[in-house]
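Structure, as structure tokens:
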Protein chains: 2
Amino acid sequence: MAKNCRFTVATHICAVIALAPERAVTSDDAAGSVNTNPVVARRILAALARAGLVSSQRGPSGGYRLALSPQEIDLAAIARAIDGAEGPVFAPHAPNPVCPVGRGIQPLLTEIVRRADGARLAELAKTRLSDIVARLAPPSSG
Amino acid sequence: MAKNCRFTVATHICAVIALAPERAVTSDDAAGSVNTNPVVARRILAALARAGLVSSQRGPSGGYRLALSPQEIDLAAIARAIDGAEGPVFAPHAPNPVCPVGRGIQPLLTEIVRRADGARLAELAKTRLSDIVARLAPPSSG
DNA sequence: TTAATTCGTAACCAACTAGGTTGCGAGAAA
DNA sequence: TTTCTCGCAACCTAGTTGGTTACGAATTAA
């Protein structure tokens, strides 16, 4: 599926957790809101936990809580947690070093792709989890 | 592999074509510079042709030429040609409509992802194919 | 007309990613 | 001890991508 999907599911789950600060959210709860399987939710949550965005607790009354406040979590942090380490731009293609284009284009495009990804993350960083939560539960919008 | 790979290969091939304006570049030529198979190059070139960036000619002395000048082709156009139509952000997940988060988050995240992709393309649009070519063959840099 | 060249594309395979599912061990609370 | 919950491995399916072979269609040239 689209790589967007893991990101949107992760953000969705973070919003669910943020909206229930008084309790731990189980992978069953999260999966129910996202409409997927608890194991899939746990796989996403494991990536968020590795990035330090959520913490987990096993056993009865266990589940997941935010490790930072919703104001401290922006969507770029979630995207980075989900996407993992950036791989080399050119795998598996080593351009032909005999060709002048093959020789010179790799550093050019590596830098360009890096800047493009940076622009995407900068845009995502403009929105914090607290903004998402506020727009989901607008203050007295009725 | 990384989706970056198709984009970098496409840009690489466009640069090869731009550097040989006096002749048509065959899929064999392009594949040789990229270090891949002619059929793979033709698949990339088919996407570029559908987007109107290159034109093709069959038969002896045939091959590919740019359909626009290198100044008129920016890297966002190449990325759009390669990525194809943008799919729905949420496939295959329809969030649970019973959950308040599932109900409200879809339009929020659709807009956010759209803006993030737009920021990436805007960054790519800053570089034109002519810029790539100029940096590959710097004017009297020795 | 015939031959050679080149693209267009289908078919198949391998590798990788992702989601879905089952199962089970580890940790924690009642 | 029992129950709940995460952590994680294992397996399946589906989709994307690259690599390869093959062949038809278009074009050029002899």
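The values are calculated or read from the model by the stated rules, or taken from the named source; none is laboratory data. Because the structure is a prediction, the values reported are computed rather than measured. Counting neighbours? That spans all protein chains shown, and the Cβs are built from the backbone with ideal geometry, glycine included.
Scanning region B:65-80 for residues being more than 13 Å from DNA strand C (Cβ to nearest atom) and either in a helix (DSSP H, G or I) or without any contact (Cβ under 8 Å) to a residue 40 or more places away in the chain (or both) gives a total of 10. Considering region B:1-28, the residues that are modelled with pLDDT of 95 or more and at the interface with another protein chain (Cβ under 8 Å from one of its Cβ atoms) include one that is farthest from DNA strand D (Cβ to nearest atom), namely B:L19. Inspect all residues belonging to region B:29-49 and state whether any of them is away from DNA strand C (no atom under 15 Å from the Cβ) and in contact (Cβ under 8 Å) with a residue 12 or more places away in the chain. No, region B:29-49 contains no residue that is away from DNA strand C (no atom under 15 Å from the Cβ) and in contact (Cβ under 8 Å) with a residue 12 or more places away in the chain. The residues of region A:104-122 that are farther than 27 Å from A:L68 by Cα and within 7 Å of chain B (Cβ to nearest Cβ), listed by number, are A:G104, A:I105, A:L108, A:L109, A:I112, A:V113, A:R115, A:A116. Counting residues in region B:76-97 that are more than 13 Å from DNA strand D (Cβ to nearest atom), loosely packed, with under 15 Cβ neighbours inside 10 Å and modelled with pLDDT under 95 gives one or more.
Applying the set (1) on the phi > 0 side of the Ramachandran plot; (2) in contact (Cβ under 8 Å) with a residue 60 or more places away in the chain; (3) of a type in the set (S, T, Y) to A:S61 leaves exactly one unmet item: (2).
The sole residue among B:L53, B:L68, B:L75 that is at the interface with another protein chain (Cβ under 9 Å from one of its Cβ atoms), over 30 Å from A:L136 (Cβ atoms) and either of a type in the set (G, A, S) or touching a Leu at 6+ places or on another chain (Cβ under 9 Å) (or both) is B:L75. The single condition among (1) under 26 Å from B:E22 (Cα atoms); (2) facing chain A (nearest Cβ under 10 Å); (3) of a type outside the set (D, E, K, R); (4) more than 19 Å from the chain's Cα centre (by Cα) that B:V101 does not satisfy is (1). Number of residues in region B:98-115 that are modelled with pLDDT of 85 or more and either in contact with a His (Cβ under 8 Å, 6 or more places away or on another chain) or at positive phi (or both) equals 2. Can you name the residue in region A:91-138 that is in a loop (DSSP other than H, G, I, E, B) and touching a Ser or Thr at 6+ places or on another chain (Cβ under 6 Å) and, of all such residues, is farthest from B:I105 (Cα to Cα)? Only one residue fits best here, namely A:C99. On the stretch given as region B:36-64, residues that are crowded, with 17+ Cβ neighbours inside 10 Å, more than 11 Å from the chain's Cα centre (by Cα) and either part of a helix (DSSP H, G or I) or within 7 Å of DNA strand D (Cβ to nearest atom) (or both) total 3.
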